[in-house]
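The values are calculated or read from the model by the stated rules, or taken from the named source; none is laboratory data. If you're wondering where the values come from, they're calculated on a predicted model, not measured in any experiment. Here the Cβ positions follow ideal geometry from the backbone for every residue, glycine too, while neighbour counts run over all protein chains shown. Only protein heavy atoms, including side chains, enter the accessible area calculation; ligands, DNA and RNA are left aside. Shrake-Rupley method; radii C 1.70, N 1.55, O 1.52, S 1.80 Å.
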Amino acid sequence: MNFVFFCVTFSLDKEGIDMQWNPEDLSAFFQAKDYIDTVILPITSISFTNKEEAEKLAIQKRSLEIVSQEMERNYAGRIFVCPVYIYPHHVNRQTEIDRINSWTEEMLAEHFEHRFILSHDIGWKKYEKQFEANFIWTPSFSLKNFQTDEARQFMKEQTTELSDLIRSYW
């Protein structure tokens, strides 16, 4: 049996409240939807196989959230970031591609001209042509503390590179 997990995160950081899946943000989206032509669907996995793997995936999830939130913040009114799509780490990739494609077609195709799937999981790279959206793989940060100067610099570089890539589609 396969399970699909969807997760909405709620966080408060030093800059303020990040975009969340809530009525206020959705209201803002619907008011500006004629101008928002790009969507990012972050995807990540979870595992309870062992502590090391679970922690590594949790760090990847947080890194993905930070990069996605920065993209949304930098391109408010142009980019919409979906809640993180979570799947089991040891999953049948083809089955998951079918689910993700179905979801993106049903939920995103009519609203967004540019659709991106963002992941730190390099395993998706060999399947990228099967996605109904542009797949972007980015390396993950490996430190648990995202408040260090090194972590901030890494996230800034990731956001800049991702911005350049996405702008090339516009």
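Taking the numbered list (1) at pLDDT 90 or above; (2) in contact with a helix residue (DSSP H, G or I) (Cβ under 9 Å, 6 or more places away or on another chain); (3) assigned to a helix (DSSP H, G or I) in turn, M155 passes all entries but (1). Considered as a group, the residues in the range 140-170 that are open to solvent by 20 Å² or more (accessible area, probe 1.4 Å) and hydrophobic (A, V, I, L, M, F, W, C) include one that is nearest to E52 (Cα to Cα), and that residue is L143.
When the range 19-36 is limited to residues that are open to solvent by 30 Å² or more (accessible area, probe 1.4 Å) and assigned to a loop (DSSP other than H, G, I, E, B), the one that is modelled with the lowest pLDDT turns out to be M19. The residue list R93, R62 contains one member that is of a type in the set (K, R) and within 22 Å of M155 (Cα to Cα), which is R62. Open to solvent by less than 20 Å² (accessible area, probe 1.4 Å) and at pLDDT 90 or above, is that true of F116? Taking the combined requirement at face value, the residue satisfies it.
Only one of the numbered conditions (1) over 14 Å from the mean Cα position of the chain (by Cα); (2) surrounded by 17 or more Cβ atoms within 10 Å (Cβ to Cβ); (3) hydroxyl-bearing (S, T, Y) is violated by Y85, and that is (1). Residues in the range 119-139 that are surrounded by 15 or more Cβ atoms within 10 Å (Cβ to Cβ) and assigned to a loop (DSSP other than H, G, I, E, B): H120, D121, F131, E132, A133, T138. Where strands (runs of 3 or more DSSP E) fall wholly inside the range 37-106, the ranges with 3 or more residues that are closer than 19 Å to T160 by Cα are 38-46, 79-81.
Among the residues of this structure, K156 does not count as one that is more than 18 Å from the chain's Cα centre (by Cα) and of a type outside the set (S, T, Y).
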